[in-house]
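The values are calculated or read from the model by the stated rules, or taken from the named source; none is laboratory data. It should be emphasised that the depicted structure is a prediction, and the values quoted were computed from it without experimental measurement. A quick note on method: Cβ atoms are made from the backbone with ideal geometry, for glycine too, and the neighbour counts reach across all protein chains shown.
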Amino acid sequence: MADQKLMEKIVSLCKRRGIIFPSSEIYGGFANSYTYGPLGSEIKKNIKDLWWQRFVRNREDMVGIDGPILLHPKTWEASGHVAGFNDQLVDCKNCRARLRADHLVESALNIDCEGLSDADVTKLITENDIQCPKCGKKEFTEVRKFNLMFSTEMAKAETPSNSHLSGGGNIAYLRPETAQAIFLEYKNVVDSTRVKLPFGIGQIGKAFRNEITPGNFIFRVIEFEQMEIEYFIYEKDWKELFEKWFDEMKKWCTDIGLPTENCHPYEHPKEKLSHYSKRTVDIEFDFPFGKKELYGLAYRTDFDLSQHEKFSGQKLRWRDEGGEPFIPHVLEPTFGVDRSVLATICAAYTEEKLEDGSERVVLRMKPVIAPVKVAVFPLMKKDGMQEKAHEILKQLQIFGAVEYDDGGAIGKRYRRHDEIGTPVCVTVDYDTLQDDTVTIRDRDTMKQERVKISALAQVLSERYFS
Ligand code: ATP
């Protein structure tokens, strides 16, 4: 069930506390573009660092790359994006709302438009008197295909020597997925490292899609980040490795704090698979606006490398000692960064009624994801306490971003840090100056405890950061 109120509260908290801002606000805003604020950029970085550590550094069968956003234009012909990365678009003639035609038909008639031509969908809309969801009128343009890739013009025009490759003009595309940059470097990675089949190449980076109906906060945006793996395998192993990767993805969800009961596998029906895929299973998450795709795992067969061989004329093969060269097959686990941030915030957001009748909002985030690891407060803005608090803060920077806060009543400071998910707060008071102890206060239980400063880092490390 969609919970619009909850979503509004989350969006408002994100703005108020510097997690995510609507971008370009001083110019009146720019639709569906967002800035990760001081705290949001920490959450995002924590997720990306954790992913890189887990899937690239901690695995002997993985390496990483960092490829460009602008790739050779032929890439997108080979991958099928120029011909097929389209949505069906329709405009309302009255209010000019721009809509996904297939979504319009699906919600009005409960008919799946997969495989229907533009003319067929136009017919369905007119013959069934479908109304515009924005203004209620029934006048639409014809349905037409809209390519989701952003194109841009290069200053440098093609040269005679490369014109046979780029197909004319000086148009380049902003990559709509990070995956293709990996396929383009398959050969370089094989030639320059000691990888052995099966192995994977991971990458984190921006992708751009000219979405017709972006929305639901950072769920569907036009500029986003992906964490993707292309895992090269022997064809015979695909079924077994598919299951293994799906388990890895489920474990990742648990480790970033997403409850198992809110994560659901969705098997794409055969007739709806993308042109490159033989099997795709998504992990859907219960967002406040409904159950939606969070991540995906696809078996891309040898489609991409074969296509790039064809279009580039270069051999992209693997050869075992004494064997014949062949094109490896590929499994692709893909993770949206922005959807990960949103899912972790939604899963962590909790409203609690306290014994004294008051309420508090807590982001019950895993410490590894929390934007501020520890907050340190001097009880009063008094001699010695502030200096001591700064001194302790320095020692605790080993855990990541830490924050000093001496503004307002101590209770208010706790509440602020509950709202942004700080796992533990440390308070310096009068006793600290006498006996070198501080109070630590746990976000989830609100329990307080006295700890020696000399043992503080050790205690916090064991309880929150190990
Ligand atoms: P959807 O069906 O929601 O459009 P998709 O199936 O097209 O997504 P993929 O092409 O599989 O998505 O992209 C891989 C991942 O990238 C998705 O699982 C998602 O986490 C993320 N992603 C895709 N499109 C967007 C977007 N417009 N905004 C934010 N994240 C996105």
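Quick notes on this structure:
Yes/no per residue for (1) basic (Lys, Arg); (2) touching a Lys or Arg at 6+ places or on another chain (Cβ under 6 Å); (3) under 30 Å from Asp3 (Cβ atoms); (4) without any contact (Cβ under 8 Å) to a residue 12 or more places away in the chain:
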position	(1), (2), (3), (4)
Gly357	no, no, yes, yes
Val368	no, no, yes, no
Asp406	no, yes, no, no
Arg413	yes, no, yes, no
Asp435	no, no, no, yes
Ile440	no, no, no, no
Lys447	yes, no, no, yes
Ile453	no, no, no, no
Leu456	no, no, no, no
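- Candidates are the residues of the stretch 324-342 that are among the aliphatic types (A, V, I, L, M) and over 14 Å from Ile19 (Cβ atoms); the one that is farthest from the ligand (Cβ to nearest atom) is Ile327.
- Being at pLDDT 95 or above and acidic (Asp, Glu) is a property that does not hold for Glu321.
- Of all residues in the stretch 217-234 being within 10 Å of the ligand (Cβ to nearest atom) and among the charged types (D, E, K, R), the one that is nearest to Thr35 (Cα to Cα): Glu223
- Residue within the stretch 170-187 that is assigned to a strand (DSSP E or B), more than 11 Å from the ligand (Cβ to nearest atom) and surrounded by fewer than 19 Cβ atoms within 10 Å (Cβ to Cβ) present: yes
- Some residue of the stretch 385-393 being in the same structural domain as Leu258 (by TED's automatic domain parsing) and surrounded by 20 or more Cβ atoms within 10 Å (Cβ to Cβ): no
- Number of the exception - Asp444 against (1) within 27 Å of Ile256 (Cα to Cα); (2) assigned to a helix (DSSP H, G or I); (3) not polar (S, T, N, Q): (2)
- Restricted to the stretch 251-285, and to residues there that are among the charged types (D, E, K, R) and touching a residue at least 60 places away in the same chain (Cβ under 8 Å), the residue that is surrounded by the most Cβ atoms within 10 Å (Cβ to Cβ) is Asp255.
- Index of the failed condition, Thr350 passing every other in (1) under 25 Å from the mean Cα position of the chain (by Cα); (2) surrounded by 20 or more Cβ atoms within 10 Å (Cβ to Cβ); (3) closer than 30 Å to Leu6 by Cα; (4) not basic (Lys, Arg): (2)
- Check on Lys388, over 30 Å from the mean Cα position of the chain (by Cα) and assigned to a loop (DSSP other than H, G, I, E, B): no
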